[in-house]
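For reference, the structure is listed below as structure tokens.
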């Protein structure tokens, strides 16, 4: 889940009182990946100071707590913060302080933007490593995987790994299985989306044997047009192939969803049984980068 994609209209209007519900609805509507990126950028530009990020974090954690979420790993688009010329340290300090006030245990994943290139990504990685003892649990790359191939980030990932961080990479969302293979090659431990793996039996076997988890976002994939409908989403096929998956919201405000809704969709439209949904929930603890042992035992 991305912090910036979680900001509900009421929160946006708190941040910028000049906005109207109609304007927000129009500017955040999307039916393709390109339109989604434009909506994401528009929301990001409304976050002009650290307090805005803190407000977004506070309201997000309130909603997660209401959904009985005990632990969350949230992506911060650190590459966008730097692109906007803002003070990344001040922004992170604001969201981390807000995290510490919540009953939801939170860990953060600063995210670099693939299509910005390796140099800006290394700047994000350096910052992420510097906060490894203050809530940062991993380093990731997102953005346009077609315009930012994983090979560019081999040294960046190595730096982050050597700095004690876990590694996650968005891949196989808008590109094919080769993008997932490339992410694995540079050391990704989890894959954001990864749905293109369903087209490569060898890749699914590899993910199953190596226990590499795919962060599945059903509604997101339909809203961005990478999957034509919920009914043909490959989550079911990946699960039946033994590929470890979890259910996620990606950008819940932009896609008008919630974690509860994603579980409901998996049950009602993809045929996941109650036992299978419990297994997916367990996977969320099992493949978390942070230590969730106590939380997992409490939920079980």
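The values are calculated or read from the model by the stated rules, or taken from the named source; none is laboratory data. No experiment lies behind these values; they were computed from the predicted model shown. FYI the Cβ positions are ideal-geometry reconstructions off the backbone, even for glycines, and counts take in every protein chain you see.
Inspect the range 37-59 for any residue being in contact with a strand residue (DSSP E or B) (Cβ under 6 Å, 6 or more places away or on another chain) and under 24 Å from residue 166 (Cα atoms) and give the result as yes or no. No, the conditions are met nowhere in the range 37-59.
Just one of (1) farther than 21 Å from residue 247 by Cβ; (2) out of contact with any helix residue (DSSP H, G or I) (no Cβ under 9 Å at 6 or more places or on another chain); (3) not in a loop (DSSP other than H, G, I, E, B) fails for residue 65. It is (1). Scanning the range 260-271 for residues that are in contact with a strand residue (DSSP E or B) (Cβ under 9 Å, 6 or more places away or on another chain) and free of Cβ contacts under 8 Å to residues at least 40 places away in the same chain turns up just one, 263.
Every residue, every condition in (1) at pLDDT 95 or above; (2) outside any helix (DSSP H, G or I); (3) surrounded by fewer than 24 Cβ atoms within 10 Å (Cβ to Cβ), yes or no:
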site	(1), (2), (3)
112	yes, yes, no
120	yes, no, yes
126	yes, no, yes
154	yes, no, yes
160	yes, no, no
170	yes, yes, no
183	yes, no, no
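Among the residues of the range 222-249 satisfying the criterion of being under 17 Å from residue 285 (Cα atoms) and in contact (Cβ under 8 Å) with a residue 60 or more places away in the chain, which is surrounded by the fewest Cβ atoms within 10 Å (Cβ to Cβ)? The residue in question is 248.
For the range 199-221: of the residues being outside any loop (DSSP other than H, G, I, E, B) and under 16 Å from the mean Cα position of the chain (by Cα), which is surrounded by the most Cβ atoms within 10 Å (Cβ to Cβ)? Looking at residues that are outside any loop (DSSP other than H, G, I, E, B) and under 16 Å from the mean Cα position of the chain (by Cα), I get 214.
Just a yes or no: is a residue in the range 241-259 in contact with a strand residue (DSSP E or B) (Cβ under 6 Å, 6 or more places away or on another chain) and part of a helix (DSSP H, G or I)? No - not one qualifying residue is present in the range 241-259.
Would you confirm whether any residue within the range 276-292 is touching a strand residue (DSSP E or B) at 6+ places or on another chain (Cβ under 6 Å), assigned to a helix (DSSP H, G or I), touching a residue at least 60 places away in the same chain (Cβ under 8 Å) and surrounded by fewer than 19 Cβ atoms within 10 Å (Cβ to Cβ)? Yes, the conditions are met somewhere in the range 276-292.
Listed by first and then second residue, the pairs with beta-carbon distance under 8 Å, at least 6 apart or on different chains, first residue in the range 8-31 and touching a residue at least 60 places away in the same chain (Cβ under 8 Å) and at positive phi, second surrounded by 15 or more Cβ atoms within 10 Å (Cβ to Cβ) and not in a helix (DSSP H, G or I), form an empty list. Of everything in the range 71-108, what is touching a residue at least 60 places away in the same chain (Cβ under 8 Å) and in a strand (DSSP E or B)? Give them in sequence order. 71, 72, 73, 74, 75, 76, 105, 107, listed by residue number.
Residues checked against (1) closer than 19 Å to residue 184 by Cα; (2) within 17 Å of the chain's Cα centre (by Cα); (3) free of Cβ contacts under 8 Å to residues at least 12 places away in the same chain:
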position: 111; (1), (2), (3): yes, yes, no
position: 129; (1), (2), (3): no, no, no
position: 133; (1), (2), (3): no, no, yes
position: 138; (1), (2), (3): yes, yes, no
position: 158; (1), (2), (3): yes, no, no
position: 161; (1), (2), (3): yes, no, no
